[in-house]
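The values are calculated or read from the model by the stated rules, or taken from the named source; none is laboratory data. Here the structure is a predicted model, which is why all the values come from computation and not from measurement. Here the Cβ positions follow ideal geometry from the backbone for every residue, glycine too, while neighbour counts run over all protein chains shown.
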């Protein structure tokens, strides 16, 4: 029997503090990794691909050196090296936390597997990922600087990578884990009266993004608005039954609750 695939993103806002460059939330990630392992042991997750955000390890140098604007000259090359090195430090920390929790993670680099065109992923080679997945490994992707046929290079955000994997490998569910419980009408970190949407309807994407107001912190991948926009290419999969959720994993238990069917503290992405 084919195992049901879960694609889970550990967002940059979850595993780092985006307000402090190069800050790592080790305790939160360790707790999240332990919960993921327990969900695997309990049969709530049968097969898993992880995607990590780069948060405060990637966005500051990307914005400082305008790497998100594409290749503009040789002065960007050393900053690109530095950016990839700093993100590499975060990848190593994530792999260690997963290893310590007993999760057989396989670190994979999108820059060696994907090509974009004007920031949109258009070509990819996923056979290595599928092969590792088939023997029980947990492939780990993450935000990266990837070759761009129009811009030289561009920021490869982890969010659209989830959509690519979900379509090409056939996911049962896609989960975005962040530091907030889903999509709000304003920033819940600054507005205690912010309202959590239990669903967001992709049938009217512009309205959905407009309803979010100014929720989320500006970053190189478009914050929460960028996340919702990146889901749009898999609208047809959602219509066919793909579950897409946004949750917080700042505290233990939210992932397990969601996988058991409790959607009360999350935002579900729907097509109606």
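A few comments on the model shown:
- Looking across 180, 174, one residue alone is surrounded by 22 or more Cβ atoms within 10 Å (Cβ to Cβ) and at pLDDT 95 or above. It is 174.
Residue-wise test of (1) modelled with pLDDT under 90; (2) out of contact with any helix residue (DSSP H, G or I) (no Cβ under 7 Å at 6 or more places or on another chain); (3) farther than 23 Å from residue 33 by Cα; (4) outside any strand (DSSP E or B).
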{"residue": "122", "(1), (2), (3), (4)": "no, yes, yes, no"}
{"residue": "146", "(1), (2), (3), (4)": "no, no, yes, no"}
{"residue": "162", "(1), (2), (3), (4)": "no, yes, no, yes"}
{"residue": "187", "(1), (2), (3), (4)": "yes, yes, yes, yes"}
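- Taking the criterion of being modelled with pLDDT of 95 or more and in contact with a helix residue (DSSP H, G or I) (Cβ under 6 Å, 6 or more places away or on another chain), the residues of the range 35-66 that qualify are 35, 39, 44, 45, 49, 51, 52.
- Some residue of the range 27-47 being without any contact (Cβ under 8 Å) to a residue 60 or more places away in the chain and under 19 Å from residue 13 (Cα atoms): yes
- Applying the criterion of at least 1 residues that are modelled with pLDDT of 90 or more to the helices (runs of 4 or more DSSP H) found wholly in the range 192-268 leaves 235-239, 254-259.
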